[in-house]
Amino acid sequence: MKINLIYSLYVILAIALKDIRTSFTEQAFMITNIIIPVNFLLFFLLFALTGGQAPTAVVLEEHGPYAEQFVAAMMKSHSFIIHETTSIEAQNLMRQGQIVAIVTIPLNFDDALRKGHQVLLPVMINNLNVDFTDDIRRAVPLAITSFYEDTFPNQVVVRANEQDTNIHDTDYVQYLVVSLMVVSVMLGGMIQAGANAAREYEKLTIKELLLAPTSPWTIQIGKILGALVLNSFAVILVIIVIVVLIGIWPLHWDELIGFSLLLMITFAALGSFIGTMVRRRQAVIPLSIGLTIPVFFISGAFGPAIWGDKSIAIITQFQPVYYGIAIFQHAFHNFTTTSTGPTVDGVILVGFAVIMVLTSTIALGRSRNKGVMN
């Protein structure tokens, strides 16, 4: 028994080292496997940065203190990218499609407010994009309310008594980047392990593996181990981008490291399954991306999935990215975004890892039973 265990460990290590050495000899493909997850993170981050706030021109026909305070209130609403300019230039920017709205602070703005007169605030909106249009329609009244609350507090009869459940606010980018890390781990693991598995069929080296006096479990664990080592380069690079460059520091490093490894195992096993089924590296990358993108959008990447459509929330609970995002949000921000909580989420992720490893091993075993040349 002890000899068999030592032999199995030797085979696992030998297979992992073989995959690692082979990947290093194919440097272009390996660099691609590292770059794709990072590019995925940066692409959606740029998407969030450009779409989170509406570019708005502010025309100050009045330069009094109240007018300046109103512009400051607009800035504090975190809904506008403000360009202070003239009326003519604002119209030019609107025609060129560079801004969504023009807000004009009219003449005698300060004087009318001092006398308690009604002030009409002209707001011109390019309502081509309904998302930006709705943002402007919500944000302008919010800016007006915030302005009055700060400038004329005695005139605001109804005021919100906000009680926050978290000790600090987390902006859209801080939440989204953590979600993107999970999807990057998924994409990187699937591509790396899938490529390693498919390579064996392309070069017909799978025959030697399956005819060797060892079990499919030993082979598969070795290939997952090799994929983990190779995928770790992409994961570490993604963490560096998030922590060092973007400046989002995790509150629980132990959870981040532990569950990163667990998710890497899960998605490496899934990638190995895909590579075993398609047997072509050229098919692994598009198939992995094709699976990742829809899962990304339904898994609560932009906000807790349980806040959205109930049917989608039920469907998304049957795949690991949903729980991975929840665990990582807890690791970085101490958030609980599922009804089950971090502990149960972790147990469920362990279950997904076991299922994926089992499924990929069965697929490899069937390759042996059917014959690798079929």
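The values are calculated or read from the model by the stated rules, or taken from the named source; none is laboratory data. Computed from a prediction, not measured in an experiment: that's the story for all the values here. Neighbour counts are summed over all protein chains in view; Cβ atoms, including those assigned to glycine, are modelled from backbone coordinates with ideal geometry.
Consider Thr336 against the criteria (1) surrounded by 19 or more Cβ atoms within 10 Å (Cβ to Cβ); (2) more than 21 Å from Ile355 (Cβ to Cβ); (3) hydroxyl-bearing (Ser, Thr, Tyr): it satisfies all of them except one. Which criterion is unmet?
(1)
Take segment 261-285 and flag every residue that is in a helix (DSSP H, G or I) and basic (Lys, Arg).
Within segment 261-285, Arg281 is the sole residue that qualifies.
Pairs please, first residue from segment 12-35 and in contact (Cβ under 8 Å) with a residue 40 or more places away in the chain, second anywhere and in a helix (DSSP H, G or I) and surrounded by fewer than 13 Cβ atoms within 10 Å (Cβ to Cβ), Cβ atoms under 8 Å, 6+ apart in sequence or on different chains.
Met30/Phe24
When the residues of segment 308-355 are filtered to those that are modelled with pLDDT under 90 and β-branched (Val, Ile, Thr), which remaining residue is nearest to Gly189 (Cα to Cα)?
My answer is Thr316.
Of the residues Val183, Val140, only one is assigned to a helix (DSSP H, G or I), in contact with a strand residue (DSSP E or B) (Cβ under 9 Å, 6 or more places away or on another chain) and farther than 23 Å from Leu364 by Cα; which?
After applying the criteria, what remains is Val140.
For Phe267, work out the one condition from (1) surrounded by 14 or more Cβ atoms within 10 Å (Cβ to Cβ); (2) aromatic (Phe, Trp, Tyr); (3) farther than 22 Å from Ile362 by Cβ it doesn't fulfil.
Result: Phe267 fails condition (3) only.
Scan segment 194-215 and tell me whether some residue there is assigned to a loop (DSSP other than H, G, I, E, B), aliphatic (A, V, I, L, M), assigned by TED's automatic domain parsing to the domain that holds His333 and at pLDDT below 90.
yes
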